[in-house]
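Asks: Sharing a structure below in structure tokens format, with a few things to ask.
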Amino acid sequence: MQGQDYIFVREFVAFAASVLIKAWKESDDSEGDTEVILGGMAGLHDEIAWFKKEASKWGVELSETVPQKANQVYC
């Protein structure tokens, strides 16, 4: 299951990046929108690093994980 979570987080990174670009283009940044999104991106970085570390401990090859149908639909 860890591999499926990893796939989801990687897909979410792309979504968050698109939100960051949109916020940067459309915001005067008086409310710190960009910083909030960047903080979330840092959290995603930490999560991906954790998945990689745990996968290594358990001998799971994340690059070989095939997304299950439910994960594909959700992403």
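The values are calculated or read from the model by the stated rules, or taken from the named source; none is laboratory data. This structure is a prediction, so every number in the text was calculated from the model and none was measured. Cβ: placed from backbone, ideal geometry, glycine included. Neighbour counts: every protein chain shown. Protein only, heavy atoms only, side chains kept; ligands, DNA and RNA dropped before computing areas. Shrake-Rupley method; radii C 1.70, N 1.55, O 1.52, S 1.80 Å.
Asks: Please go through the range 48-75 and pick out each residue that is assigned to a helix (DSSP H, G or I) and among the hydroxyl-bearing types (S, T, Y).
Replies: S56, S63, Y74
Asks: Among the residues of the range 33-50, is any charged (D, E, K, R), at pLDDT below 90, at positive phi and over 15 Å from the mean Cα position of the chain (by Cα)?
Replies: No, there is no match, as no residue in the range 33-50 is charged (D, E, K, R), at pLDDT below 90, at positive phi and over 15 Å from the mean Cα position of the chain (by Cα).
Asks: I would also like to ask the following. Given the conditions (1) loosely packed, with under 12 Cβ neighbours inside 10 Å; (2) part of a helix (DSSP H, G or I); (3) not small (G, A, S), and given that E31 satisfies all but one, which numbered condition is not satisfied?
Replies: Condition not satisfied by E31: (2).
Asks: Out of the residues in the range 1-28 that are without any contact (Cβ under 8 Å) to a residue 12 or more places away in the chain and within 20 Å of Q72 (Cβ to Cβ), which is most open to solvent (accessible area, probe 1.4 Å)?
Replies: If we take residues in the range 1-28 being without any contact (Cβ under 8 Å) to a residue 12 or more places away in the chain and within 20 Å of Q72 (Cβ to Cβ), then M1 is most open to solvent (accessible area, probe 1.4 Å).
Asks: Would you check if there is a residue in the range 7-24 being on the phi > 0 side of the Ramachandran plot and modelled with pLDDT under 90?
Replies: No, the range 7-24 contains no residue that is on the phi > 0 side of the Ramachandran plot and modelled with pLDDT under 90.
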